[in-house]
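Working notes, beginning with the structure itself.
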Amino acid sequence: MLDTLHIKNYALINELEIQFDKGLNMITGETGAGKSIIMGALSLILGNRAEGKHFFDPSKKCVIEGEFKIGSYHLAGFFEENDLEYADHTIIRREISPDGKSRAFINDSPVTLIVLKQLGEQLIDVHSQHATLQINTEEFQFLVVDSVAGSFTLKQNYKESYITYKKAKRELEELKETVKKAAIELDYFQFQFDELDGAKLVAEEQATLEQQQRQLENAEDIKRALNAASHVLENDDTAVLTRLKDAMTQIEGISSFLPDATDLATRLKSTLIELKDISSELSSLEEDTHLDEGTLLEINERLSLLYSLQKKHHVDSVEDLILLRNDLEAKLLAINSSDEQLERLEAEVAQKLDIAYQNAKELSAARTLVLDKIAKDVQCTLSNVGMPNAVLQIVLEPLKEGEMRESGIDTIQFLFSANKGQALQAIHRVASGGELSRVMLAIKSLVAKTSALPTIVFDEIDTGISGEVALRVGEVMETLAQNMQVIAISHLPQIASKGTAHFKVYKEDKANRTISNIVRLDQSGRVKEIAQMLSGANPTDAALEHAELLLKG
C-alpha cells in the first residue's frame, strides 16, 4: 500500500506530504484545485514520462517520493532480478532537474524508467474512464478469470511448458532448415573436403619447403661461398690457420720470459682449434651441397599446389587450409548424422507438446468452472449500482485443434448488454463510459476478494452517475477497501462519505503566488466539505444534516 506521498516543487505545489490510510481514501476539492496535479505527481513515481517542465520554482529540481508497504506483495524476486535491495518498507523517488533531466531511485538505488514502471504496475493500479478500454483485452479478461479461479499456478505451469515446447520446436525447424541447405551443398562440401584431404596437409610444411627451395635454387652460390671460405682458412698461401699457428709458436717461445704471454698462447691455441672445426664444417657443407633438379621440381610442384589451394579458398596459410578441412569434415559428419538428430528432436518436441497441451487442458477446465460465478457476481454488483438489467456473459471457446497460444488453448470474450432487449456484444461496443466504469468497478471488486491486488486509484470514474447509484458505487468501493487500499478522487458526496480517510485539495494565495495544498479532514471538516458538495460554498443546515447522515452511513 501507498503509505506516504511527498511532493516538492511540482506545478502549483511548493511542498506537501500526504499520509494515506490503508482503507478507502477519498480526495475531493473544487475543479482546478489541484487534484489532477496530485495524480500527475503520482504518475511520475510509477514510471510515466515527464511531459514538459512543471516546476513551482524553475530554478530548483522537482522531487516526488512515495513510501510503500510491500510485505504482502511477494516482490522479493523482482528486487533480486533487478539487483535491488529489498525492504518491506520501500521508497521510490523521482527527481526532475530544471534542465529536464530525470532520475529515478528505488531504495536509493538508481533505476531506469522501465524498471520503475514495472515495479509501479505491481504497486498501484490507476483506474480512470480512459483506462476502462483494457476491459476488452484478452490479457485482462484472462487475468480476471484466473484470479477468481485461483489458477495462477496452473497458468504458470502451462506457460513454462509452452515456452519449452516452442523453444524445442524452433530448434527442430532450424535443424530441418540446416539439413535442407546442407543436403543441397553436400556434393560441394564433399568435393572440397576430398581435395583438401587428398593434399595431405601438414602444419608448418610450407615454411620448410620454401627454405629448401631457396637452398636448392642457390646451390651453386652456396657451394662457391663455402669453398672460398675454406680456402681462406686452410689452402691459401697466406691461410689463416697457417699464420695463426705461426703466431702461436712465436708467443709460446717467449712465455718463459713473459708470464702474461702464457695466457695469450692458450687463447690463440683455442682460437686455432675453433677455426679448424669451422674449416672442417665448411668443407662438409660444401661437399653436401649440390643441385638436385628432381628434388627442386618436387618441391616446386608441392608449393604450387599449396599456393593454389590457399588462393582458391581465400586463406593465407596451410594452417588455415587445415582448419577449413576440419570444418568441412564436421559439416559432413553433421549431415550424415542429421537423420538420427532429427528423429531424436522430433520425439522431444512431441513429448513437450503433449505436456504443454495437458497443462493447457487443466488450465482451461479451471477457467470454465468459474465463468458463471464471475458473470453472476458482476451482474449482482451492477444491479446494486443502478444497472439492474445488465447481463455479462463470458465466452471461452477452444482454438483450432492442435493450436496453442501463450494464454492457453482458448479464446475469451466478455459479452455485455446494459439494457433489456439489447443483444450481447463485445463490452466496449455497447457500454457507455459511465457504464464501463461501473463494470470495471464490479470486476475489480470481485477480483479483490480472491487476489492480493495492489493499491487501486479511481480517478473520477463517478462521472455520469448521481443519487442512489452514486451511493451504491460508494458502497462497492467501501467493500473493495476491505481487501485492499483504495484512493478515490470524486465530486460526489455520496461516494466521498464512504472514505475511512478524507483529504481536501484546495488553492490559496501566498506572497503573490497561487499554490495547491491538501489537508486531511477531521469529522467536522468532513461534514462541512460534504455539505458544500451537496449545496455549494455556503451549505444550509439541511445540507449539513444530510452530510452527517451520509457519514453515518
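The values are calculated or read from the model by the stated rules, or taken from the named source; none is laboratory data. Keep in mind it's a predicted model, so treat the numbers as computed, not measured. FYI the Cβ positions are ideal-geometry reconstructions off the backbone, even for glycines, and counts take in every protein chain you see.
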May I ask you to say which residue of D354, D327 is among the acidic types (D, E), within 36 Å of the chain's Cα centre (by Cα) and in the same structural domain as V202 (by TED's automatic domain parsing)? D327
Reported set for the range 243-298 where residues are touching an Asp or Glu at 6+ places or on another chain (Cβ under 9 Å), of a type in the set (K, R) and under 28 Å from D221 (Cβ atoms) is K276
Of the candidates E138, E121, the one satisfying the condition of being within 30 Å of T368 (Cα to Cα), out of contact with any Ser or Thr (no Cβ under 7 Å at 6 or more places or on another chain) and among the acidic types (D, E) is E121
Return the pair list, or none, for Cβ contacts closer than 8 Å from residues in the range 129-158 that are small (G, A, S) to residues that are in a helix (DSSP H, G or I) and at pLDDT below 85, at least 6 apart or on different chains. A131/M440; S147/V447
Please work out if I487 is of a type outside the set (S, T, N, Q) and either crowded, with 23+ Cβ neighbours inside 10 Å or assigned to a strand (DSSP E or B) (or both). yes
Which condition number does Q494 fail, the rest of (1) surrounded by fewer than 22 Cβ atoms within 10 Å (Cβ to Cβ); (2) touching a Ser or Thr at 6+ places or on another chain (Cβ under 9 Å) being met? (1)
Restricting the search to the range 1-30, which residues are β-branched (V, I, T) and within 30 Å of A448 (Cβ to Cβ)? T4, I7, I18, I27, T28
What's the number of the condition I251 fails, among (1) at pLDDT below 80; (2) touching a Leu at 6+ places or on another chain (Cβ under 6 Å)? (1)
Would you check if there is a residue in the range 49-71 being assigned to a helix (DSSP H, G or I) and either at pLDDT 90 or above or at negative phi (or both)? no
In the range 372-390, the residues that are without any contact (Cβ under 8 Å) to a residue 60 or more places away in the chain and farther than 15 Å from S417 by Cα: D372
If you check K167 against the conditions, is it modelled with pLDDT of 90 or more, of a type in the set (D, E, K, R) and part of a helix (DSSP H, G or I)? yes
Whether any residue in the range 299-309 is within 23 Å of E217 (Cβ to Cβ), among the polar types (S, T, N, Q) and without any contact (Cβ under 8 Å) to a residue 12 or more places away in the chain is what I want to check. yes
Any residue at all in the range 76-91 that is under 24 Å from the mean Cα position of the chain (by Cα), assigned to a strand (DSSP E or B), crowded, with 16+ Cβ neighbours inside 10 Å and not hydrophobic (A, V, I, L, M, F, W, C)? yes
Scanning the range 454-469 residue by residue, those touching a strand residue (DSSP E or B) at 6+ places or on another chain (Cβ under 7 Å) and either surrounded by fewer than 23 Cβ atoms within 10 Å (Cβ to Cβ) or at pLDDT 80 or above (or both) turn out to be P454, T455, I456, V457, F458, D459, E460
Residues of the range 506-553 classified as in a loop (DSSP other than H, G, I, E, B) and among the small types (G, A, S), total: 4
For a quick check of your reading of the model, give me the residue pairs whose first member lies in the range 102-121 and is among the aromatic types (F, W, Y), whose second is modelled with pLDDT of 90 or more, with beta-carbon atoms closer than 6 Å and at least 6 apart or on different chains. F105/R93
Among the residues in the range 401-410, are any of a type in the set (V, I, T), assigned to a loop (DSSP other than H, G, I, E, B) and either at pLDDT 90 or above or not assigned by TED's automatic domain parsing to the domain that holds V476 (or both)? yes
Being modelled with pLDDT of 80 or more and surrounded by fewer than 22 Cβ atoms within 10 Å (Cβ to Cβ) is the requirement here; does R472 meet it? yes
Return only the number of the condition from (1) of a type in the set (V, I, T); (2) in a loop (DSSP other than H, G, I, E, B); (3) closer than 21 Å to S284 by Cβ that V202 does not satisfy. (3)
Hey, among the residues in the range 291-318 that are outside any helix (DSSP H, G or I) and of a type in the set (A, V, I, L, M), which one's nearest to F193 (Cα to Cα)? V315
